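> Please see the structure below; I have some questions.
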Amino acid sequence: MIRKATEADLVRIAEIAVFVKRVNYRRIFCDDDFSFNKLTVVDTIKAQRDFLDDIWVYESDHIVKAYIHICDGEIKELYTDHFFQGEGIGAELIRYAVCQESADHLWVLEKNIRAISFYEKNGFKMAGERLLWNDTGQYLVKMVRVCLK
């Protein structure tokens, strides 16, 4: 079931975000200080609280297994707990974002090939735009929803 996130979901959302970011981004950024000292559940809860109105969770068997953050037609974040990946949860959240929230674009790390492939399989394509992400030396690429006829 996909539902609006609540304050009670913040700890679980932060757990998912921190773990998935460590697994997926550590190899890209090669920054253990950030991954293990600065990227914390407590700080992530504080940051996510500001966007709670724009977050939906996927819950099954009384467990929040994934979440998606959508704002102004943009998918800002989509993370599925590592233990539940490959079950179609992310695809279901994409369908929800597109059909219910009119999401039509997102930005993804250029080196996150796995995420790019996932988004392509779920109806997005490269838009030809890229931008430097903060002072990281890494680029984000824009992906847009393909109009299906």
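> Only one of VAL98, VAL64 is open to solvent by less than 40 Å² (accessible area, probe 1.4 Å), at pLDDT 95 or above and farther than 21 Å from ILE116 by Cα; which? Outline the logic, then answer.
Numbers: VAL98 fails: farther than 21 Å from ILE116 by Cα.
Only one candidate qualifies: VAL64.
> I'd like the full set of residues that are more than 21 Å from TYR96 (Cβ to Cβ), in a strand (DSSP E or B) and of a type in the set (D, E, K, R), limited to the stretch 114-141.
GLU129, ARG130
> Further question on the same structure: Suppose the filter is open to solvent by 50 Å² or more (accessible area, probe 1.4 Å), at pLDDT 95 or above and under 19 Å from ARG22 (Cβ atoms); does PHE118 pass it? Reasoning before the result, please.
Working: open to solvent by 50 Å² or more (accessible area, probe 1.4 Å): yes; at pLDDT 95 or above: yes; under 19 Å from ARG22 (Cβ atoms): yes.
Spelling it out, PHE118 is indeed open to solvent by 50 Å² or more (accessible area, probe 1.4 Å), at pLDDT 95 or above and under 19 Å from ARG22 (Cβ atoms).
> So which residues in the stretch 1-20 are in contact with a strand residue (DSSP E or B) (Cβ under 8 Å, 6 or more places away or on another chain), open to solvent by 40 Å² or more (accessible area, probe 1.4 Å) and among the charged types (D, E, K, R)?
Result: ARG3, LYS4, ARG12.
> In the stretch 68-92, what residues are over 21 Å from ASP50 (Cα atoms), within 14 Å of the chain's Cα centre (by Cα) and open to solvent by less than 50 Å² (accessible area, probe 1.4 Å)? Let's see the steps before the verdict.
To start, the set of residues in the stretch 68-92 that are over 21 Å from ASP50 (Cα atoms) comprises 81-92.
Checking which are within 14 Å of the chain's Cα centre (by Cα) leaves us with 81-82, 85, 89-92.
ASP81, ILE89, GLY90, ALA91, listed by residue number.
> Here is a further query. Of (1) at pLDDT below 95; (2) more than 22 Å from ALA14 (Cβ to Cβ); (3) of a type outside the set (A, V, I, L, M, F, W, C), ASN134 satisfies all except one. Which?
Every condition holds for ASN134 apart from (2).
The values are calculated or read from the model by the stated rules, or taken from the named source; none is laboratory data. Just so you know, these numbers come straight off a predicted model, no measurement behind them. Neighbour counts run over all protein chains shown; Cβ positions are idealised from the backbone, glycine included. In case anyone asks, the SASA skips ligands and DNA or RNA and just uses the protein heavy atoms, side chains included. Shrake-Rupley method; radii C 1.70, N 1.55, O 1.52, S 1.80 Å.
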